[in-house]
Amino acid sequence: MYSRAYKTIISIPPLLWVCLFLLLPYALMFAHSFWLVRDGFLVHQWNLQNYRALFTNPLYFQVFLRTARIAASVTLCSLLLGYPLAYYLSFHAGPRKELLYQLVIVPLWVSYLVRGYAWKTILGSDGVLNGFLQYLHITHEPVSFFLYSPFAVVLMLTHIYTPFVFLPIYASLEHIPRPLLEASQDLGADRRTTFLRVILPLSIPGLVAGATFAFVLSLGDFLAPLLVGGPSATMIANIVQSLFGAAYDWPLGAAISVCILLITVSLLFTTERLEKRWAFK
Amino acid sequence: MSAAGAISPESASSSGALLEVRCVAKSFGASQVLENISLQIAAGEFLTLLGESGSGKTTLLRLIAGFEQPTSGEIWMSKERLDTLPPYKRRVNTVFQNYALFPHLNVRDNVAYGLRVKSTPKAEIAGRVEEALRMVEMSSFAGARPATLSGGQQQRIALARALINRPQLLLLDEPLSALDANLRKQMQSELKALQREIGIAFLFVTHDQDEAMALSDRIALLRNGALEQVASPREIYSRPATAYTAEFIGQTNLLRGEINDGVARCGALQWKTSRADGAALFSLRPEAIHLAVASLQLQDAVHFRGSIRQQIYGGASELLEIECGGNQVLRARIPATGPLTGQHEFIFSAADAIPVTESPTLHGPLITDHEPR
């Protein structure tokens, strides 16, 4: 066994890290959300004005709704792409499995910004997509709504988060003992029934984990709307960013952050319980 | 067998077999796992596929269940060609080695699975599930998840889940191998009783020759992908066709020698025989050798002297290793008598020396041991 002193010494760095980079910032954010800005200066005066503003000004709620809608679309699209991909890799890819797996993972190593700018190049007025459509004479002038729209944001976020959705689903599919599929067929179930009654239920923990990744990460995203979203696709994180930046209203920004944090934490809590309920063995 | 493809469905039924395996071969890539297997299973029969690991017994079972396709040959089941059907259309059910119970379903839903996917009316399902659970004495566990059950209990559920579909043939893939020794013995007798009671055919795969002997109506011994011998347990034990069979099923002494002018000579032993002259190989079971005493009279008795090399006490009986000159060692199983040393006279009946076909033996000549694990 390890000595008490050893355990204490070894646990100091991580504890310090957590305090310095997690707990302290959270505490500061929480405190800021109850302060206010007067005449361009931060005033350390405790009040609920920021939260009142949040709940009375419909603008914030509208932006939040749009954010949730975009995040939900991203979640749905990445599930629709990620699940079949994971299913194919796990059950039907054969010897190509390893290669395809790596191909799915590789984009994760490419910088988020690079991928964002790539979409800008593809979707822009003189971008690859418009050029292609005009070359085929499907359109005669650049289609402007590709870029700077919620559509572009959903597209870019789906591209970025599909691997995050794919991974947990793939892991849960890989963990299904293959004799179960044979047992199902042996008992008279065809492939479709076997999928619906055995594979799908057993992959729900991975599905929930993947959906949570996509939703939570999209909910807090501010780069995609910044790069390809435009004003019509402003998301809640962009508001926070501007409040902490040009608008110089840290308290209000902190109040929004606290709300998003609460929503995210309760979401994670719920999905974790869901995953546990559906986890077997 | 070129005529295999021409056999009509009628000929399968005329043979009276429930399942007929015709000249089936199976290769995985370059390695041939099964070659030219022909086997019939009668309705209500308990047939065991016995063999070492790698002998192809599980592959044959999987071919019948439909999880593998034969490379050549056909499988028929009561006038229906089986090997071209997907597994879910075959009227056979399988008990898997590690049970393969669905972890997300409770016992009741596991057992009901086969009926649910065939859209059986709900009322009927409930009754049949109850009946199946009662049959395996697991009624009180209907709401339990498989993970909370012991190995023996999971085994019973796997059995109920297969039998509820009322298959004509049940395939069992080493179903008892994961159980500890005592429970295995108990499950063996329960399995046998159950099979008699419901009267459907069982095709049982095992590597355990004692299990095969205890359960089967017939044993099909597989070796390197080919059938070595198919016979009832009594026959396969008392009349092994090959040296391999004799060694695999029980213990034996293989006596190598030759026959000249009606006399068989194997080392220090010789006896009269009506067989033709030439090289010969005999299987002599250890229990056929007795200590020679005046009261023991045997027909065609063969006497020999030997010194006790080793004596292994086994409760009711003991096993002697007897050195009888010229490096020949025989094993004899005699009723427990107390410690023996030195030279003794032994006796066996020439009729118990069964002529067998030569085949490369399992572990070299003479000293063999196939006690159950």
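Residues within the reach of a label modelled at B:Ala147 (point 7 angstrom out along Cα to beta-carbon, backbone nitrogen below 19 Å), restricted to segment B:86-108, are B:98-108.
Figure legend: label point modelled 7 angstrom from the Cα of A:Arg178 along Cα→Cβ; residues of segment A:80-116 with amide N under 14 Å from it are A:89-98. Extension gain, A:Ser242-A:Val114: 0.36 nm per intervening residue step, less the Cα-Cα distance, totals 43.8 nm.
Between A:Ser125 and B:Ile312, the modelled labels are 9.3 nm apart [label points 7 Å from Cα along Cα→Cβ].
The 3J(HN,Hα) values that the Karplus relation (6.51, -1.76, 1.60; θ = phi - 60°) gives for segment B:247-259 are, in residue order, 7, 6, 9, x, 10, 7, 9, 9, 9, 9, x, 8, 10 Hz. Gly and Pro appear as x.
The smallest convex shape that holds all Cα atoms of chain A, its convex hull, gives 221 Å³ per residue. At full extension, A:Tyr135 and A:Leu15 could sit 37.3 nm farther apart than now, given 0.36 nm per residue minus the alpha carbon distance. Scanning residues 5 or more positions from B:Leu171 or on other chains, those with amide H under 5 Å from its amide H are B:Asn93, B:Thr94, B:Val95, B:Leu203, with H placed 1.01 Å from N in the peptide plane. Note on A:Val106 and B:Arg166: the model spin-label points, each 7 Å out from Cα along the C-beta direction, lie 5.7 nm apart. In segment A:50-278, taking the dipole from charged Cβ atoms about the Cα centre, the farthest positive-side position among A:Ile263, A:Gly220, A:Thr158 is held by A:Ile263. Is chain B best put as rounded, prolate or oblate by its Cα gyration tensor, with a ≥ b ≥ c the root eigenvalues, rounded for a/c under 1.5, and otherwise prolate when a/b is larger than b/c, oblate when not? Verdict is prolate for chain B. Of the peptides A:9-19, B:286-296, the ranking by mean beta-carbon count within 10 Å, highest at the top, reads B:286-296, A:9-19. Counting Cβ atoms of other protein chains within 10 Å of each Cβ in B:97-104 and taking the mean gives 6.
Each Lys and Arg Cβ is given +1 and each Asp and Glu Cβ -1; about its Cα centre, segment A:50-278 then shows a dipole of about 320 debye.
Here the dipole of segment A:13-139 is about 160 debye; that uses its Cα centre as origin and unit charges on the Cβ of Lys and Arg (positive) and Asp and Glu (negative). Using the Karplus relation 6.51 cos²θ - 1.76 cosθ + 1.60 with θ = phi - 60°, the per-residue 3J(HN,Hα) values for segment B:77-91 come to 9, 5, 6, 10, 7, 8, 6, 9, 8, x, x, 6, 9, 8, 8 Hz, with x marking Gly and Pro. Computed over segment A:50-278, relative contact order equals 29 percent, with contacts defined as Cα pairs under 8 Å that lie 6+ residues apart.
Where only DSSP H runs of four or more residues are counted, chain B gives -7000 deg cm²/dmol as its mean residue ellipticity at 222 nm, each run worth -39500 (n - 2.57). Among the trypsin sites (Lys or Arg not before Pro) found in segment B:215-277, those both in a DSSP coil and sparsely packed, with 12 or fewer other Cβ atoms within 10 Å of their Cβ, are B:Arg275.
For the protein assembly as shown, the dipole from Cβ point charges (+1 on Lys and Arg, -1 on Asp and Glu) about the Cα centre works out to 1880 debye, to the nearest 20.
Within 10 Å of the Cβ of each residue in B:111-120, the mean number of Cβ atoms contributed by other protein chains is 4. Of the residues B:Gly199, B:Leu284, B:Ser317, the one whose Cα sits farthest toward the positive end of the charge dipole of chain B, with +1 on the Cβ of Lys and Arg and -1 on the Cβ of Asp and Glu, is B:Gly199.
Counting, for every residue in A:175-185, the Cβ atoms of other protein chains within 10 Å of its Cβ and taking the mean gives 6. Could you compute the FRET efficiency for A:Met1 and A:Leu23, with r as their C-beta to C-beta distance and R0 at 30 Å, rounded to 0.05? After rounding to 0.05, the efficiency reads 0.50. Bridgeable aspartates and glutamates around B:Lys192 (alpha carbons under 20 Å apart, same-chain partners fewer than 8 residues away excluded): B:Glu45, B:Glu131, B:Glu137, B:Asp173, B:Glu174, B:Asp180, B:Asp208, B:Asp210, B:Glu211, B:Asp217, B:Glu235. The trypsin sites (Lys or Arg not before Pro) of segment B:64-152 that DSSP puts in a loop, and whose beta carbon has at most 11 other beta carbons within 10 Å, are B:Lys79. Taking a point 7 Å out from the Cα of A:Ser232 in the direction of its Cβ, the residues of segment A:138-166 whose backbone N falls within less than 19 Å of it are A:139-158.
Readers should treat all values here as calculations from the given coordinates under stated rules, not as data from a laboratory. Note that the structure is predicted; figures quoted are calculated from it, not measured. All Cβ positions, glycine included, derive from the backbone under ideal geometry; neighbour counts span all protein chains shown.
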